[in-house]
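A short worksheet on the structure shown next.
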Amino acid sequence: MTQPILYSLQHCPYAMRARMALLMAREVVLLRAIVTKDKPADMLAISPKGTVPILHLSDGTVIDESLDIMIWALNRNDPDDLLYSQRADRYLQMLNLINDCDHDFRTNLSAYKYNKRYHLDTEHKFRTQCEVFIQRLESLLEKQNYIMGDKLSLADLAILPFIRQFANVDKKWFRQSGYPRLSLWLAKQLESLLFLKSMQKYPLWLDTHEEVLFFWDRK
Ligand SMILES: N[C@@H](CCC(=O)N[C@@H](CS)C(=O)NCC(=O)O)C(=O)O
């Protein structure tokens, strides 16, 4: 059987979370590394909106939203029960939290990043708006080691790349901010084998046209 093809951008937070879920699902995919300034025609042909990640299945199905890729992979195989398969209530809570991350938090995060970069005086306003979501995570992590409980879940993987971005906007401020539990959670996730593997760099597919198998090769 032909493996699904994943169009991926190394530092894109959406692609990062899709790659982590594919690894956790032990899915084997052919990874095609791209850059946004030179998108492959094959990629635009299957998904004209032109965002990554995209997963192209061998039956022709195209999944071009990162959360859908994560859920597709974990629905096929979820050995660590990241989806809380026996807990519909937990699953819905996760989706709500991820939705808040992907909309309100991400909008404020983009504004915070932009304002910081161009030294605009509204930087603090947007950082404070981001902190509503940050404080919510901190409160959850005061009670447990992961966002949904005492084990890793879809929510941790989906949210991680955006908290990483938030922390990186102003590392000094984040280190001194009152979010010790979130800082610990972030540090732990960033040094995990899963994250390191998901961030492995590959040559651009348009340069090599080589098929790269991407999968979790640990026992
Ligand atoms: N909602 C999409 C967002 C994906 C997205 O915006 N990806 C960015 C890269 S981080 C992208 O491909 N942008 C297209 C461009 O910059 O041309 C998802 O979750 O997959």
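The values are calculated or read from the model by the stated rules, or taken from the named source; none is laboratory data. Worth saying up front: this structure is predicted, and the values here are computed from it rather than measured. FYI the Cβ positions are ideal-geometry reconstructions off the backbone, even for glycines, and counts take in every protein chain you see. The area values use the complete protein model at the heavy-atom level, side chains included, leaving out ligands, DNA and RNA. Shrake-Rupley method; radii C 1.70, N 1.55, O 1.52, S 1.80 Å.
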task: Test L154 against the stated conditions and say whether it is out of contact with any strand residue (DSSP E or B) (no Cβ under 8 Å at 6 or more places or on another chain) and buried (at least 18 other Cβ atoms within 10 Å of the Cβ).
output: yes
Members of segment 157-174 found to be open to solvent by less than 30 Å² (accessible area, probe 1.4 Å) and free of Cβ contacts under 8 Å to residues at least 24 places away in the same chain, listed by number: A167, F174
- line: Among D104, D121, the single one that is of a type outside the set (F, W, Y) and under 28 Å from Y7 (Cα atoms) is D104
- prompt: For segment 25-60, how many residues meet the condition of being within 15 Å of the ligand (Cβ to nearest atom) and either surrounded by fewer than 10 Cβ atoms within 10 Å (Cβ to Cβ) or β-branched (V, I, T) (or both)?
  reply: 12
- request: Answer yes or no as to whether S66 is within 12 Å of the ligand (Cβ to nearest atom) and small (G, A, S).
  value: yes
- prompt: How many residues does segment 70-99 hold that are closer than 21 Å to R19 by Cα, open to solvent by 60 Å² or more (accessible area, probe 1.4 Å) and more than 18 Å from the chain's Cα centre (by Cα)?
  reply: 4
message: Quick check on this structure: which one of L95, L74, L109 is assigned by TED's automatic domain parsing to the domain that holds Y14 and within 16 Å of the ligand (Cβ to nearest atom)?
response: L74
